[in-house]
Amino acid sequence: MGNSANPADRIAQLITYLRQGVPLAQVRLPHGPAGLTAEEVQDHQRWRLIASIACVVSREGYAGTSVNKVCQEVNVSKKSFYEIFPGGLEDCFLAAFDSVSVVISSLTASVDPNQIDDLDQLLSGLLGRYLLLLEQAAELTELLLIHNLGASPAIRQRRVAAFDAYAVLFRQIFDVARERGMPIAAIDDTTMIALLAVINESCIRHIITTGGESGLTSLTPALHRTALRILRAP
C-alpha cells in the first residue's frame, strides 16, 4: 500500500484489497534502503486500522468490536493503536466513517452538470457511481449505512452531519442543472434528505434481505424512477 495522503486514493486501495480477499494482516510496510519515516509508518498503520475496523464491525457489529479485535486483524499493537487513535474505538470508527464520506463526496462532485444536458443522464451518473462504490466495498458500506446506527451518540451525530452534507452537495448539483435548463423542481434540504433516505433505505433492505451488497447496482432503475418523480418539475 502506498503512502498517498489523499483519502480517496487510500480508500480505493483498501477497496482493492478487500475485493481481492487479501488478509489485511498480510499487508506489509514497503522495504527499501531509504526506509520510512516514523510519520509514514504511523500513516500506514492508521489506514490499516481503518480497514480493520470496517472488517471487524462488518462481522461483529459495533457492540461486538473491541480494540483487541481491531489490532489482531492487522497485527498492530494496542500501543500503536492508541498512539494513532487516543480516543479509542470511537475515534477509529469515526476516522473510517469520515474517510468513506470523503470518497462519496468526491465521486458525487465529479459528476459535472455543466457537461450533461439530460436529467436521466445526470441521475444515472450520480446513482450509478454511488451504488457501484457501495457494491464494491461491502465492509465499508455496512459501516456507512448500518452499523453506525447502533454505535455511540457521537457516531450517530456524525452520520447526521455527513448526510446533511451529501444533501447540500446533491442539491447544488441539481441547482446548476436547473439553471442550465433541465426540468428540475426547486427542492429544499428536507426533500433532498428524504430522497437520500429512500436511496439508502433501499440499499439497507437489499443488504439485509439478500445477505450482502452484491447486486446493489440492480436497484438503479427503480431508484432512478423514484428520483425522477421527486425531482422533475411539473
Checklist entry - Roughly how big is region 60-121's charge dipole about its Cα centre, with Cβ charges of +1 (Lys, Arg) and -1 (Asp, Glu), in debye to the nearest 20? => result 600
Checklist entry - Under unit Cβ charges (Lys, Arg +1; Asp, Glu -1), what dipole magnitude, rounded to 20 debye, does region 34-79 have relative to its Cα centre? => result 200
Item to check | region 109-190, accessible area per residue, ligands and nucleic acids excluded (1.4 Å, Å²) | outcome: 45
Checklist entry - Using alpha-carbon positions, what is the distance between the centroids of region 96-135 and region 44-86, in Å? => result 29
Checklist entry - In region 132-203, carbon and sulfur make up what percent of the accessible area (probe 1.4 Å)? => result 57
Next on the checklist: Counting C-alpha atoms alone, how compact is region 29-124: give Rg to one decimal and Dmax as a whole number, in angstrom.
Outcome noted: 18.1, 54
Checklist entry - Mean shadow of region 100-234, computed from the convex hull of its alpha carbons, in nm²? => result 7.8
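The values are calculated or read from the model by the stated rules, or taken from the named source; none is laboratory data. All of these numbers come straight from a predicted model, not from anything done at the bench. Neighbour counts are summed over all protein chains in view; Cβ atoms, including those assigned to glycine, are modelled from backbone coordinates with ideal geometry. Side chains are part of the model used for accessible areas, which takes the heavy atoms of the whole protein and leaves out ligands, DNA and RNA. Shrake-Rupley method; radii C 1.70, N 1.55, O 1.52, S 1.80 Å.
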